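Trainee: Quick one: the structure is below, and I'll ask about it shortly.
The values are calculated or read from the model by the stated rules, or taken from the named source; none is laboratory data. Everything numeric in this text was worked out from a predicted model, so none of it was measured. Neighbour counts run over all protein chains shown; Cβ positions are idealised from the backbone, glycine included.
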């Protein structure tokens, strides 16, 4: 009797063991399978060869691919009625994580996310996270602008900086202000002149704006638009300029002092791996020089060794948090205090920034 | 005559063959690529509904254009009329923001049609009274309308809670097109397109105006000799054309988009010119043509998603359709004859 019971027990043990083994194999097989099927989709607003915004997102995608994860992209997706269909098709065709890389995809991304709770969505530069499977991310480009302002303030002879701006959204105004504050710190007589072009990408308009600013006496040109036209115009006119979004040095080797580079690669790889391994969670990411989402291109030797050293130190201090781009006292155009002495602007204020600081000429278009 | 309606099919077949060759040269399996291009997008209900959604504005605009083209009036600016229609319709929708009422949507739609009509009247009046070229005027007005839209969505009409982003508020439900099925984007705008098809067939083939349009198209001199009032007719065809484009614009903003911003149309007004000719300026042909051209948009997306074929092939396909259509027309209407001179003739 005892013997039999023992046997039964042993048999039960084996049975359980086999059950676990089989389920383990199944699980393993399943998870390996799902790993192999794991796919990431990207939606781009421009062509991959724009040498600016979309080009950099595409570089990020290449990094994800290099990390051994399958990816798909759709380029030049208009921000109108077509965006929703493209995002939905990516979700339907087995993509597990989808990056939508332009502000105008905000509502379509959230709408599709509602219908695909198992698919993760990452929307660049937006502020709506209506469902738990939607994250947003952007970069603290203003930190790069602080470095540009410092360089511009030192390099200008006419004390006039020309700025080609796209749309009067907080992101752009923040850049203008960060640049102006940093330039004023090294050169109190600085004036920032702005031309609004109301486009992100229009080489013709951007070149005209650059020329108009040069004609008004600006000898440093910077842009918050995506084409290489402004730096090429600056090169022709013999004034300084800065590259935007990607390293534009080869388009204007003499004129470009440095470029602000959007480096999405580390973030994309990290999020893709997290989604594959099941550790992805909803986030609102705003990374800067510290995390490397904002990087600087090579510094032009025309700046001189001393200035390069200064700027490199400032870059380190911005990254470590020792220096903040918006440190008080900061005044608006009318002289009202925005940030008190010794304080720094918080993220809420930065995110909603909609007034110019003192030293910027003109009004924000309404 | 049968051949005349057959050439569009030849053009489509040649385009598919040409596309296959391009895919082969690019290093893709042509059969597979064409399958992803022309079959996969409409292999399920959702895809089919998206095809109809995409074809709706193309069909509406092309119907309007057929009136102009049939009567020898070259309205190239449907894109501008679409944009201005969307501006006027969208303005009314914003005026009724957060209000309820069954009458709001019809008002918005009507405003859109009137907007497009007014915008089309500009080249028409300039043509009839000042003898300007309607091709240039209507084309240049496209840029004017887009600048007006830019100004409005950046400035006075921008969403007060929208952080200055260039877009208006989302319209209230009372000014949105009702959806036909839960979960699909296809909306009541498709009935506007179908109504336009029926109405245009009636006008073109059953009324005196239609007769005038056809005669003027075939021979302006005959039309003058017959005593038709050319000026009124020009104004009328432009108004019809503009109203249709305006309806297409208002259908987009009250349908899938739901607000005004800078990207309301991926150049539907220009693509519709291909649709009108592919449909042989015939109302029922245009339905067919709008579906074919809409498919080239969807196919380009699917082909990029599944095979990473560059999305610009869509535009290449649209270009090829028009090219092959014109080429087959040329071969149809002109006889190619290889001339050889006989020796006898030379001697003389």
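Trainee: Among the candidates A:169, A:214, A:190, single out the residue that is within 14 Å of another protein chain (Cβ to nearest Cβ) and crowded, with 19+ Cβ neighbours inside 10 Å.
Mentor: Of A:169, A:214, A:190, the one residue that is within 14 Å of another protein chain (Cβ to nearest Cβ) and crowded, with 19+ Cβ neighbours inside 10 Å is A:169.
Trainee: When you scan the range B:220-269, how many residues do you find that are in a helix (DSSP H, G or I), in contact with a helix residue (DSSP H, G or I) (Cβ under 9 Å, 6 or more places away or on another chain) and more than 14 Å from chain A (Cβ to nearest Cβ)?
Mentor: Counting residues in the range B:220-269 that are in a helix (DSSP H, G or I), in contact with a helix residue (DSSP H, G or I) (Cβ under 9 Å, 6 or more places away or on another chain) and more than 14 Å from chain A (Cβ to nearest Cβ) gives 22.
Trainee: Say we look at the range A:87-96 and pick out the residues that are assigned to a loop (DSSP other than H, G, I, E, B) and touching a helix residue (DSSP H, G or I) at 6+ places or on another chain (Cβ under 7 Å); which of these is farthest from the other protein chains (Cβ to nearest Cβ)?
Mentor: First, the residues of the range A:87-96 that are assigned to a loop (DSSP other than H, G, I, E, B): A:93-96.
After this cut, where a residue has to be touching a helix residue (DSSP H, G or I) at 6+ places or on another chain (Cβ under 7 Å) as well, the list is A:93-94, A:96.
Values: A:93: 6, A:94: 10, A:96: 14 Å.
The qualifying residue farthest from the other protein chains (Cβ to nearest Cβ) is A:96.
Trainee: When the residues of the range A:332-350 are filtered to those that are crowded, with 16+ Cβ neighbours inside 10 Å and within 12 Å of residue A:174 (Cα to Cα), which remaining residue is nearest to the other protein chains (Cβ to nearest Cβ)?
Mentor: Per the criteria, the residue is A:350.
Trainee: Continuing with the same structure: Just checking, which of B:167, B:252, B:161 is on the phi < 0 side of the Ramachandran plot and surrounded by fewer than 18 Cβ atoms within 10 Å (Cβ to Cβ)? Reasoning before the result, please.
Mentor: Working: B:167 fails: surrounded by fewer than 18 Cβ atoms within 10 Å (Cβ to Cβ); B:252 fails: surrounded by fewer than 18 Cβ atoms within 10 Å (Cβ to Cβ).
Being on the phi < 0 side of the Ramachandran plot and surrounded by fewer than 18 Cβ atoms within 10 Å (Cβ to Cβ) holds for just one of B:167, B:252, B:161, which is B:161.
Trainee: Would you mind listing the strands (runs of 3 or more DSSP E) fully within the range A:141-232 where at least 3 residues are under 21 Å from the mean Cα position of the chain (by Cα)?
Mentor: A:160-165
Trainee: Could you please find all residues in the range B:283-308 being surrounded by fewer than 21 Cβ atoms within 10 Å (Cβ to Cβ) and more than 9 Å from every other protein chain (Cβ to nearest Cβ)?
Mentor: Residues satisfying the conditions are B:284, B:285, B:287, B:288, B:291, B:307.
Trainee: Would you check if residue A:126 is assigned to a loop (DSSP other than H, G, I, E, B), more than 25 Å from residue B:298 (Cβ to Cβ) and over 22 Å from the mean Cα position of the chain (by Cα)?
Mentor: no
Trainee: Check residue A:118 against each of (1) assigned to a helix (DSSP H, G or I); (2) over 17 Å from residue A:284 (Cβ atoms); (3) without any contact (Cβ under 8 Å) to a residue 60 or more places away in the chain; (4) more than 9 Å from chain B (Cβ to nearest Cβ) and name the one condition it does not meet.
Mentor: Just one mismatch for residue A:118, condition (1).
Trainee: Let me ask something else. Which count do you get for residues in the range A:351-366 that are in contact with a helix residue (DSSP H, G or I) (Cβ under 7 Å, 6 or more places away or on another chain) and more than 14 Å from chain B (Cβ to nearest Cβ)?
Mentor: Residues meeting the conditions: 3.
Trainee: Additional query: From the set of residues in the range A:61-86 that are facing chain B (nearest Cβ under 9 Å) and assigned to a loop (DSSP other than H, G, I, E, B), which is nearest to residue A:266 (Cα to Cα)?
Mentor: Selected residue: A:75.
Trainee: Determine which single condition residue B:87 fails, assuming it passes every other condition in (1) under 27 Å from residue A:205 (Cα atoms); (2) surrounded by fewer than 24 Cβ atoms within 10 Å (Cβ to Cβ); (3) away from every other protein chain (no Cβ under 14 Å).
Mentor: (2)
Trainee: Which numbered condition trips up residue A:270, out of (1) without any contact (Cβ under 8 Å) to a residue 60 or more places away in the chain; (2) surrounded by 19 or more Cβ atoms within 10 Å (Cβ to Cβ); (3) within 25 Å of residue A:102 (Cα to Cα); (4) out of contact with any helix residue (DSSP H, G or I) (no Cβ under 8 Å at 6 or more places or on another chain)?
Mentor: (2)
Trainee: Now for a different question. Let me confirm something: among B:141, B:149, which residue is within 14 Å of chain A (Cβ to nearest Cβ), at pLDDT 95 or above and either buried (at least 16 other Cβ atoms within 10 Å of the Cβ) or in a strand (DSSP E or B) (or both)?
Mentor: B:149
Trainee: Just to be sure, is residue B:27 farther than 25 Å from residue B:186 by Cα and either in contact with a helix residue (DSSP H, G or I) (Cβ under 6 Å, 6 or more places away or on another chain) or buried (at least 16 other Cβ atoms within 10 Å of the Cβ) (or both)?
Mentor: Working: farther than 25 Å from residue B:186 by Cα: yes; either in contact with a helix residue (DSSP H, G or I) (Cβ under 6 Å, 6 or more places away or on another chain) or buried (at least 16 other Cβ atoms within 10 Å of the Cβ) (or both): no.
No, not satisfied.
Trainee: Hey, another quick one. Which members of the range A:50-60 meet the condition of being within 14 Å of chain B (Cβ to nearest Cβ) and touching a strand residue (DSSP E or B) at 6+ places or on another chain (Cβ under 8 Å)?
Mentor: Selection gives A:58 alone.
Trainee: Would you mind finding the one in B:330, B:312 that is away from chain A (no Cβ under 14 Å), at negative phi and at pLDDT below 90?
Mentor: B:330
Trainee: Can you name the residue in the range B:152-183 that is in contact with a strand residue (DSSP E or B) (Cβ under 7 Å, 6 or more places away or on another chain) and not in a loop (DSSP other than H, G, I, E, B) and is also farthest from the other protein chains (Cβ to nearest Cβ) among such residues?
Mentor: Applying the filter and picking the extreme gives B:179.
Trainee: Return the total of residues in the range A:296-318 being without any contact (Cβ under 8 Å) to a residue 40 or more places away in the chain and closer than 27 Å to residue A:345 by Cβ.
Mentor: Residues flagged as without any contact (Cβ under 8 Å) to a residue 40 or more places away in the chain and closer than 27 Å to residue A:345 by Cβ within the range A:296-318 amount to 4.
Trainee: In this structure, does residue A:147 turn out to be touching a residue at least 24 places away in the same chain (Cβ under 8 Å), outside the structural domain of residue A:257 (by TED's automatic domain parsing) and crowded, with 23+ Cβ neighbours inside 10 Å?
Mentor: no
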